[in-house]
Amino acid sequence: MGLHSSSIADPRKGQYEKNKCHKKLRRLVGEALTDYAMLEEGDKVMVCLSGGKDSYTLLDLMLSFQQHAPINFEVVAVNLDQKQPGFPEEILPEYLDKMGVPYDIIEQDTYSIVKRLTPEGKTTCPVCSRLRRGILYNHAQKIGATKIALGHHADDVVETLLLNMFYGAKLKAMPAKLRSDDGRNILIRPLYYCRESLISKWSDYAQYPIIPCNLCGSQDNLQRQVIKEMLVGWDESNPGRVENIARSINSVTLSHLGDRRHYDFEGLIAENRHVEPETVENRRIDITEVR
Ligand code: SF4
């Protein structure tokens, strides 16, 4: 997405629009950090930096909050150089040195492993993501990071929700804060409330040295692509719908869904009726056996 020609023509207007965009991102990130208690005094936050617009924006905002937040926390940027052909390895160190941000570049040839392990014609992303996750989690432990910050945004959250519903028959999205599967790390997603279009706009203003994400030669899987196109269509035909879906994830009424593991439908009785606890146990009748 390019910058508007009017903002190029009038630099003051351009600067105003840029500030407005950054302010909006800061507000949304500030809300997410607060709502989900993402940061604590003394945290060491490992910001995963891929070289894409989302991760640059994330790093930028975490540094901005580091300067102004009422608590002290450290930020370390970490990039995993997966040895993809054509990966411009000098770009991130140059950028991070210029910014004065502490960083680590982990060099590990996951590219060859992924190619070897993925059957012909299949998308390489699942194996690649699993490997990358393991390496980054281990690194977080090694450097004593207390939080791992990821650059997923509101569009990723909605896409994941719809993917899980459409193809996995599950009502499950992507959380703002999560304990990793192996229990060792706390993951945070400070861009949780930010739309991708806002991040793209900011990324254009900031002129980050973007590293293309298709170096591995893989395509997004087809299902995710279908969902992405749906979101783009809705943004044009029904503005606000995607935002509403994103907000619905944070406003769940368990009693109006159907998951018996999360709501005690069996124990539901009218207010003026007293039932002995042991009777509740016996209230379940298998209707399929009733003739
Ligand atoms: S697009 Fe390439 S680098 Fe990204 S997860 Fe998929 S295989 Fe890995």
Of the conditions (1) within 16 Å of the ligand (Cβ to nearest atom); (2) more than 20 Å from ALA32 (Cα to Cα); (3) acidic (Asp, Glu), ASP54 fails just one. Which one is it? (2)
Provide a single number: the residues in the stretch 252-289 that are farther than 29 Å from ALA169 by Cα, part of a loop (DSSP other than H, G, I, E, B) and either at pLDDT 70 or above or hydrophobic (A, V, I, L, M, F, W, C) (or both). 6
Could you give me the residue pairs with C-beta distances under 7 Å whose first residue belongs to the stretch 82-104 and is touching a residue at least 12 places away in the same chain (Cβ under 8 Å) and on the phi > 0 side of the Ramachandran plot, whose second residue is of a type outside the set (Asp, Glu) and within 16 Å of the ligand (Cβ to nearest atom) wherever it lies, and which are 6+ apart or on separate chains? LYS83/TYR111; GLY86/LEU215
Name every residue in the stretch 173-202 that is touching a helix residue (DSSP H, G or I) at 6+ places or on another chain (Cβ under 9 Å) and without any contact (Cβ under 8 Å) to a residue 12 or more places away in the chain, in order of residue number. ASP181
Test each condition in (1) under 21 Å from LEU61 (Cβ atoms); (2) surrounded by 15 or more Cβ atoms within 10 Å (Cβ to Cβ) for ALA173 and report the one that comes out false. (1)
Scanning the stretch 119-132 for residues that are closer than 23 Å to ASP182 by Cβ and free of Cβ contacts under 8 Å to residues at least 24 places away in the same chain, which turns out nearest to the ligand (Cβ to nearest atom)? SER129
May I ask you to verify whether LYS53 is of a type in the set (Lys, Arg), in contact (Cβ under 8 Å) with a residue 60 or more places away in the chain and buried (at least 18 other Cβ atoms within 10 Å of the Cβ)? yes
Could you tell me how many of the residues in the stretch 57-116 are modelled with pLDDT under 95, crowded, with 16+ Cβ neighbours inside 10 Å and of a type in the set (Ser, Thr, Tyr)? 2
Across the stretch 97-115, what is the total count of residues that are within 13 Å of the ligand (Cβ to nearest atom) and out of contact with any helix residue (DSSP H, G or I) (no Cβ under 7 Å at 6 or more places or on another chain)? 4
For the stretch 134-151, state whether one or more residues are surrounded by fewer than 15 Cβ atoms within 10 Å (Cβ to Cβ), within 16 Å of the ligand (Cβ to nearest atom) and of a type outside the set (A, V, I, L, M). yes
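The values are calculated or read from the model by the stated rules, or taken from the named source; none is laboratory data. Being a predicted model, the structure only gives us computed values, none of them experimental. As a convention, Cβ positions derive from the backbone with ideal geometry for all residues, glycine included, and neighbour counts pool all protein chains shown.
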